[in-house]
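Input: a single structure, listed below in structure tokens.
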Amino acid sequence: MVTLSSIIRPVGRLLHRQLSRQGKGQRLVPVRRCNLTACSSKYVLSHMHPMWQEPLAIPGGDRQSPIDIVVRKSLFDPHLKPLVPAYDPQTCQQIWNNGYSFLVEYDDTTDKSTLKGGPLEDQFRLCQFHFHWGESNAWGSEHTVDRKLFPAELHIVHWNTEKYDLFEEAVMEENGLAVIGVFLKIGKRHEGLQKLVDALPAVRHKDSTVDFERFDPACLLPSNINDYWTYHGSLTTPPLTEAVTWIVMKQHIEVSHDQLAVFRSLLFTSAEEEVQKGMVNNFRVQQPLRGRPIRSSFSPFLTGDEPAL
């Protein structure tokens with residue numbers, strides 16, 4: 001995302017513009033290091049995207065993401081409501097390889113695809129979804145649960161249309177974004193995901209796009225969306241703004257090894273580049289919690305409520 005040249009409404013294009021502007025009047029502090037041995041080993045870091053291989057200045061603040069979710073330290077909040085996604089598959093537009101992940105982008109000019117409920121007081125509009133994954137099934141997720149890493153993590157990105165008129169404004173402001181996080185685990189083939197997997201070879205190289213229509217992201221949600229953790233955090237790619245209400249699903253979804261292998265067949269590089277680099281390890285290392293509460297919609301102390309790891 002730091003090497004993109006075009007700027008449009010979806011988050012991937014905005015990030016390049018905001019990163020190029022950081023340092024112009026913003027208070028910057030050094031990037032915070034991972035606090036988990038599993039995701040900060042020299043081996044993993046040496047194989048990550050160039051964005052994360054050198055120190056990166058980020059906006060000051062104590063609400064950076066991703067984090068480790070310690071289940072028994074999360075706070076059960078009985079006031080958290082059920083999550084209410086209402087997605088119209090007709091708003092799906094295209095897939096774009098932005099050189100860091102692939103984004104499935106939606107028409108967000110109307111309220112046809114929305115998210116409300118859960119920890120949210122306002123209605124949010126669907127913008128895009130994307131994934132983060134590793135080169136190995138041993139790691140890849142950005143968030144963890146009790147230090148448990150998953151092979152991949154889905155992020156469904158929404159913006160607050162009740163408080164802000166533009167996505168570009170929402171991404172920089174308080175309570176601007178709501179992101180659903182879903183862990184992926186290797187298992188049986190995910191039938192809903194297969195349509196997307198079949199389309200991915202068309203966007204193998206950076207900056208490539210392909211039309212992609214009538215895809216309902218709700219098919220990628222787990223069967224139980226009412227058990228989740230929520231906390232206030234940030235984007236996990238530049239500009240790393242602390243505008244995000246995170247909603248991390250307790251229940252994972254299963255995908256096959258072959259489906260995830262197609263993700264790993266994509267490239268960080270364009271077709272014109274001499275050295276081609278596989279798109280793997282496109283995650284940010286974890287950040288300190290710094291006293292933030294992690295609320296849960298379920299009690300972690302009840303029998304049978306342990307996370308499905």
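The values are calculated or read from the model by the stated rules, or taken from the named source; none is laboratory data. From a predicted model like this one, the values you see are computed outputs, not experimental measurements. Neighbour counts are summed over all protein chains in view; Cβ atoms, including those assigned to glycine, are modelled from backbone coordinates with ideal geometry.
Looking only at the stretch 72-92, which residues are under 11 Å from F215 (Cβ atoms) and within 19 Å of the chain's Cα centre (by Cα)? So that I can check it myself, show each step before the final result.
Of the residues in the stretch 72-92, the ones under 11 Å from F215 (Cβ atoms) are 87-92.
Correct list: Y87, C92.
Enumerate the pairs (first residue in the stretch 252-279 and closer than 19 Å to K185 by Cα; second residue anywhere and small (G, A, S) and buried (at least 18 other Cβ atoms within 10 Å of the Cβ)) with beta-carbon separation below 8 Å, excluding pairs fewer than 6 apart on the same chain, so at least 6 apart or on different chains.
That search, which allows pairs on different chains as well, returns V255/A152; L260/A152; F263/A152; M279/S101.
Out of (1) touching a strand residue (DSSP E or B) at 6+ places or on another chain (Cβ under 9 Å); (2) closer than 21 Å to T245 by Cα, what's the single condition that is false for R189?
(2)
Go through (1) at pLDDT 95 or above; (2) closer than 20 Å to N97 by Cα; (3) within 18 Å of the chain's Cα centre (by Cα) for P238 and report which single condition fails.
It fails just one condition, (1).
Would it be correct to say that T230 is modelled with pLDDT of 95 or more, in contact with a Pro (Cβ under 8 Å, 6 or more places away or on another chain), within 30 Å of R290 (Cβ to Cβ) and buried (at least 21 other Cβ atoms within 10 Å of the Cβ)?
In short, yes.
Output the number of residues of the stretch 230-250 satisfying the condition of being more than 24 Å from D77 (Cβ to Cβ) and of a type in the set (F, W, Y).
0
Mind checking which strands (runs of 3 or more DSSP E) fall wholly inside the stretch 57-113 and carry at least 2 residues that are over 26 Å from N282 (Cβ atoms)?
Values: elements: 83-86, 92-97, 102-106.
Result: 83-86.
So which residues in the stretch 174-185 are surrounded by 15 or more Cβ atoms within 10 Å (Cβ to Cβ) and more than 16 Å from the chain's Cα centre (by Cα), if there are any at all? Full working, then the answer.
Narrowing the stretch 174-185 to residues surrounded by 15 or more Cβ atoms within 10 Å (Cβ to Cβ): 175-185.
Once the filter is applied, which keeps residues that are surrounded by 15 or more Cβ atoms within 10 Å (Cβ to Cβ) and more than 16 Å from the chain's Cα centre (by Cα), the stretch 174-185 yields only N175.
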